[in-house]
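Have a look at the structure below, then the notes.
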Amino acid sequence: MKKKINIQLILLSSFAAMAAAAASMALFYSIFKNQVYDDIKDYTHIIQASGPGFLESGKSRALLREDGIRVTVVKKDGSVSYDSSMGQKEMENHKGRPEIKEALEHGSGTTVRWSATSSLHTFYYAERMEDGTVLRIGKDSGNIFHMLKRTGILALGLSLLVILLCGFLSRCLTKKLLSPIEKLALHPDGASQGPIYQEIEPFIQTIKEQHINILDHVRMRQEFTANVSHELKTPLTAISGYAELIESGMAGEQDAKRFAHEIRTSLDRLLDLINDILKLSELDDTEQEFELEQVDLYHAARSCLDMMDMQAAKQGVTLHLQGKPCIISANRNLIDELLYNLCSNAIRYNNRGGAVTVTAALEHGRPMLLVEDTGIGIPKEYQDRVFERFYRVDKGRSRQEGGTGLGLAIVKHIAAQHNAEIFLESEPGKGTKVKLIF
């Protein structure tokens, strides 16, 4: 990453330096050309003001030649009537010359011509005088290409210097910019972080939070694996022990019946554990898409209570349903699973002669499901943890009643899948209320 950032910064600075050099050369040539034209334009006006006698003077010719200036007077028909460098009779018609043509049409004209013989560039400025003739001034200049070449070498040298400097600065900047991230990789807890740029502080904070979440997830997975192993070991150990006693012939007829009953109970508990673990694994799969449909919470609650009527009768618990039809967009199987777990807990941890009431209705315009019981309740200090996997307030009673410790964890996952909020109210000896707002 660091190397890639360095290369990109160097390429960017190289492009900027070369672009600046090219622009500087173009600007230099433009300024140089305009300056030369301004000079020879001034010469034109001076010569016009000096009159014809100035051009005829031999001394004037020598001065013009010494300064690299050539003066030419061209008639309307293009023939040369005067030239300070050559005899006019030796010269061809100039009517087709661009600067002469432009001067005759527009009053003045300019051009630059390169002489292959002298390897010089000559700047020409022509101006039409009052009598219709054209006065042209030419000034020799060094080879522009040679000048641009020398300027280009200088600009290239400066560009290389700038690129090297930018490379050094980009290296320092990249190191300083990525230093907090590298330190974070070595110290994910944020220790020895040191000062960081304010602009990347949210990015660093996000990495820290993600790292903490990953560690929490790993810890939860490890705890879950350990708990699963422990929970599965208990019924399997019981099954193995009872089966061994029956196999050895040590158990009488009455004991064999009792042992068989215990084996079946342990097997039921084992199957419940496996089903709940599979259900949690299914809900943990964030990429899995659940089919949604219109589900009536009131109707689903009635079906659940009808199914659990026999279990409630065994516990001496009466079931009640309140509310009215209440439609949500949900996965029907998951809502049935959620209701089953809530009602099963409400029956299992209830008192004999107690009641379970399920209410489905609208609360402030939002669908609401409430399951309340008159059972043993949950102490306040444990209420924040009851939705954790395998967490039991009363471990002995939970196992005795056949609970897996996963029911409320499944409820929490299903609620999250349906963007529902969960609220729990409970008081020891007075019962528990679990409310879901969809």
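The values are calculated or read from the model by the stated rules, or taken from the named source; none is laboratory data. All values reported here derive from a predicted model rather than from experimental measurement. We place every Cβ from the backbone using ideal geometry, glycine too, and count neighbours over all the protein chains shown. We work out accessible area using only protein heavy atoms, side chains counted, and drop any ligands, DNA or RNA first. Shrake-Rupley method; radii C 1.70, N 1.55, O 1.52, S 1.80 Å.
Mind listing whichever residues of region 232-276 are of a type in the set (A, V, I, L, M, F, W, C) and farther than 27 Å from I410 by Cβ?
Our first condition is that a residue be of a type in the set (A, V, I, L, M, F, W, C); within region 232-276, this holds for 232, 236, 238-239, 243, 245-246, 250-251, 256, 259-260, 263, 267, 270-271, 273-274.
Within region 232-276, A243, L245, I246, M250, A251, A256, F259, A260 meet the criteria.
Considering only residues that are open to solvent by 70 Å² or more (accessible area, probe 1.4 Å) and at pLDDT 95 or above, which ones fall in region 352-361? Even if it seems obvious, please write down each step before you answer.
Within region 352-361, the subset open to solvent by 70 Å² or more (accessible area, probe 1.4 Å) is 352.
None; the set is empty.
Can you tell which of A301, A313 is at pLDDT 95 or above and of a type outside the set (S, T, N, Q)? Let's see the steps before the verdict.
Values: A313 fails: at pLDDT 95 or above.
Result: A301 is the single residue among A301, A313 that is at pLDDT 95 or above and of a type outside the set (S, T, N, Q).
Which of the following residues is open to solvent by 70 Å² or more (accessible area, probe 1.4 Å), at pLDDT 75 or above and not polar (S, T, N, Q): E244, E262, E223?
Numbers: E262 fails: open to solvent by 70 Å² or more (accessible area, probe 1.4 Å); E223 fails: at pLDDT 75 or above.
Testing whether each residue is open to solvent by 70 Å² or more (accessible area, probe 1.4 Å), at pLDDT 75 or above and not polar (S, T, N, Q) leaves just E244.
Which one is modelled with the lowest pLDDT among residues in region 389-404 that are open to solvent by less than 20 Å² (accessible area, probe 1.4 Å) and not charged (D, E, K, R)? Spell out the reasoning first.
Pass one, region 389-404, residues open to solvent by less than 20 Å² (accessible area, probe 1.4 Å): 390, 392, 398, 403-404.
Within this subset, residues satisfying the condition of being not charged (D, E, K, R) are 390, 398, 403-404.
On the way: F390: 68, S398: 49, G403: 58, T404: 62.
Once the filter is applied, the top-ranked residue is S398.
Quick one: is Y298 more than 38 Å from the chain's Cα centre (by Cα) and closer than 30 Å to R221 by Cβ?
On the way: more than 38 Å from the chain's Cα centre (by Cα): yes; closer than 30 Å to R221 by Cβ: no.
In short, no.
Within the group N341, N333, which residue is surrounded by fewer than 20 Cβ atoms within 10 Å (Cβ to Cβ) and at pLDDT 85 or above?
Details: N341 fails: surrounded by fewer than 20 Cβ atoms within 10 Å (Cβ to Cβ).
The unique qualifying residue is N333.
Test each condition in (1) modelled with pLDDT of 80 or more; (2) surrounded by 14 or more Cβ atoms within 10 Å (Cβ to Cβ) for P235 and report the one that comes out false.
(1)
Which number in (1) crowded, with 16+ Cβ neighbours inside 10 Å; (2) touching a Gly at 6+ places or on another chain (Cβ under 9 Å); (3) modelled with pLDDT under 85 marks the one condition that V386 misses?
Unmet condition: (2).
Do we find that T151 is open to solvent by less than 50 Å² (accessible area, probe 1.4 Å) and modelled with pLDDT under 70 in this structure? Full working, then the answer.
Working: open to solvent by less than 50 Å² (accessible area, probe 1.4 Å): yes; modelled with pLDDT under 70: yes.
Considered against the rule, which asks whether it is open to solvent by less than 50 Å² (accessible area, probe 1.4 Å) and modelled with pLDDT under 70, T151 comes out as yes.
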